[in-house]
Amino acid sequence: SFLLTQDRKGESIQYLDNAFKFSQNNKDLLSELWFYKLAHFKDSYKEAKIELDKLLTDGANSKGWDFSLNIKQAIRDKHQHVDELKEYAKKISGIDYSEDEGEAS
């Protein structure tokens with residue numbers, strides 16, 4: 001998450017891939033990882049939505065996990081679906097991200 005929020009996507013890919021490899025049985029962590037794909041990797045957007053929807057249906061969550069910096073970076077990157085990102089972040093974390101700049105409230 002740190003590298004992604006610092007606009008260092010290239011450096012983050014290795015860590016993100018490793019996290020996916022070692023978290024296959026941890027639905028809560030997978031929901032966070034797929035959110036990062038949704039927020040930061042345009043090529044993975046559709047797959048990330050599908051995977052997140054499955055995980056959320058299965059009850060995955062990371063209550064209290066703050067995605068506000070990821071949302072801010074997505075806004076800086078001119079993400080096409082910021083409102084949808086905020087909704088997914090809320091479903092995962094239970095935090096309301098409805099303010100314009102991705103601030104948690």
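The values are calculated or read from the model by the stated rules, or taken from the named source; none is laboratory data. Computed from a prediction, not measured in an experiment: that's the story for all the values here. Methodologically, a virtual Cβ is constructed for each residue, glycine included, from the backbone with ideal geometry; neighbour enumeration extends over all protein chains shown. These area figures cover heavy atoms from the full protein model, side chains too; ligands, DNA and RNA do not enter into them. Shrake-Rupley method; radii C 1.70, N 1.55, O 1.52, S 1.80 Å.
In region 8-66, which residue that is farther than 19 Å from Y97 by Cα and basic (K, R) is surrounded by the fewest Cβ atoms within 10 Å (Cβ to Cβ)?
K21
Between K49, K54, which is under 13 Å from the mean Cα position of the chain (by Cα) and either on the phi > 0 side of the Ramachandran plot or assigned to a helix (DSSP H, G or I) (or both)?
Working: K54 fails: under 13 Å from the mean Cα position of the chain (by Cα).
Just a single option satisfies the conditions, and that option is K49.
Show the residue pairs that are 6+ apart or on different chains and have beta-carbon atoms under 6 Å apart, the first residue being within region 8-31 and in contact (Cβ under 8 Å) with a residue 40 or more places away in the chain and in a helix (DSSP H, G or I), the second being among the hydrophobic types (A, V, I, L, M, F, W, C) and open to solvent by less than 70 Å² (accessible area, probe 1.4 Å).
Partner pairs satisfying both residue conditions: S31/L55; S31/A60; S31/I92.
Scan region 61-73 for residues that are under 13 Å from the mean Cα position of the chain (by Cα) and either without any contact (Cβ under 8 Å) to a residue 40 or more places away in the chain or assigned to a loop (DSSP other than H, G, I, E, B) (or both) and jot them down.
Of everything in region 61-73, those that are under 13 Å from the mean Cα position of the chain (by Cα) and either without any contact (Cβ under 8 Å) to a residue 40 or more places away in the chain or assigned to a loop (DSSP other than H, G, I, E, B) (or both) turn out to be N61, S62, W65, D66, F67, S68, I71.
Quick one: which of K37, K9 is out of contact with any strand residue (DSSP E or B) (no Cβ under 7 Å at 6 or more places or on another chain), basic (K, R) and over 13 Å from Y88 (Cβ atoms)?
K9
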